[in-house]
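Worksheet: the structure to be examined is printed underneath.
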Amino acid sequence: AQSVAQPEDQVNVAEGNPLTVKCTYSVSGNPYLFWYVQYPNRGLQFLLKYITGDNLVKGSYGFEAEFNKSQTSFHLKKPSALVSDSALYFCAVRDGSGAGSYQLTFGKGTKLSVIP
Amino acid sequence: GAGVSQSPSNKVTEKGKDVELRCDPISGHTALYWYRQSLGQGLEFLIYFQGNSAPDKSGLPSDRFSAERTGGSVSTLTIQRTQQEDSAVYLCASSLVQGNEQYFGPGTRLTVT
């Protein structure tokens, strides 16, 4: 079985400050990890993914995420938050070993609020 | 290019009625997924199609739910005898090949009264 935990329901950060949205995962095989963002009344938009290679992954809109195998974490980061970054963020995982289904398992989401 | 489209964007139905939700994936994407997003619940996997292979139906919550994908493109999710607990946003996603990042449509908000 695979699972994702996003321990914070909400994160508040001041505009211009760095932001971190936390994600930890559990998967039996190789983790394929994804971050998505959802703006109000919109579908999910793909931000970035980790499949293999460099542990620091860069994605859209200046976001990046760091894969940490020993801590089974994949935290989303941005050096300087914008008010327009305010949205709901989802972390997702699937087993990349090929043994499981291709379905993604999502966390419950973290609401990010960037305060002007 | 065009993204994933879903119709209708909103659907209000009475308890006990059947509903059909439609998804048009990105052209050329071979994999198609349906998810359900309930308030405060995150996303719940429902069903997955890949080419002509048998679909992965492991996430369908009951036999009232079914889905088909015609010609490897458009998909329809059908909910029979709707219940109030079926009220949610139903999201469709597609990917170029199975396992790659998924691209989501705007969703269909279903309200069962």
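Structure above, values below:
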| item | result |
| --- | --- |
| Residue among A:Gln71, A:Gln38, A:Gln45 that is closer than 17 Å to A:Gln6 by Cα and surrounded by fewer than 20 Cβ atoms within 10 Å (Cβ to Cβ) | A:Gln71 |
| Residue check, B:Ala67 touching a Ser or Thr at 6+ places or on another chain (Cβ under 8 Å), touching a residue at least 24 places away in the same chain (Cβ under 8 Å) and within 11 Å of chain A (Cβ to nearest Cβ) | no |
| Of all residues in the range B:37-61 being more than 10 Å from chain A (Cβ to nearest Cβ) and in contact with a strand residue (DSSP E or B) (Cβ under 9 Å, 6 or more places away or on another chain), the one that is farthest from B:Val19 (Cα to Cα) | B:Gly51 |
| Failed item, numbered, when B:Ala54 is tested on (1) part of a loop (DSSP other than H, G, I, E, B); (2) in contact with a Gly (Cβ under 9 Å, 6 or more places away or on another chain) | (2) |
| Cβ-Cβ under 6 Å pairs, at least 6 apart or on other chains, the range A:41-56 side more than 7 Å from chain B (Cβ to nearest Cβ), far side assigned to a loop (DSSP other than H, G, I, E, B) | A:Leu47/A:Gly59; A:Leu47/A:Phe63; A:Leu48/A:Gly59 |
| Given (1) within 15 Å of B:Glu101 (Cβ to Cβ); (2) surrounded by fewer than 20 Cβ atoms within 10 Å (Cβ to Cβ); (3) β-branched (Val, Ile, Thr); (4) at pLDDT 95 or above, number of the condition A:Thr52 does not satisfy | (4) |
| Test: residue in the range A:88-111 that is surrounded by fewer than 17 Cβ atoms within 10 Å (Cβ to Cβ), out of contact with any His (no Cβ under 8 Å at 6 or more places or on another chain) and away from chain B (no Cβ under 14 Å) | no |
| Which numbered condition A:Tyr102 misses (of (1) modelled with pLDDT of 95 or more; (2) assigned to a loop (DSSP other than H, G, I, E, B); (3) not small (Gly, Ala, Ser)) | (1) |
| Residues of the range B:76-108 satisfying the condition of being more than 25 Å from A:Asp95 (Cα to Cα), under 11 Å from the mean Cα position of the chain (by Cα) and outside any loop (DSSP other than H, G, I, E, B) | B:Thr76, B:Leu77, B:Thr78, B:Ile79, B:Val89, B:Thr108 |
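The values are calculated or read from the model by the stated rules, or taken from the named source; none is laboratory data. Since we're looking at a predicted model, the values are computed, not measured. In this analysis, Cβ positions are derived from the backbone assuming ideal geometry, glycine residues included, and neighbour counts consider all displayed protein chains.
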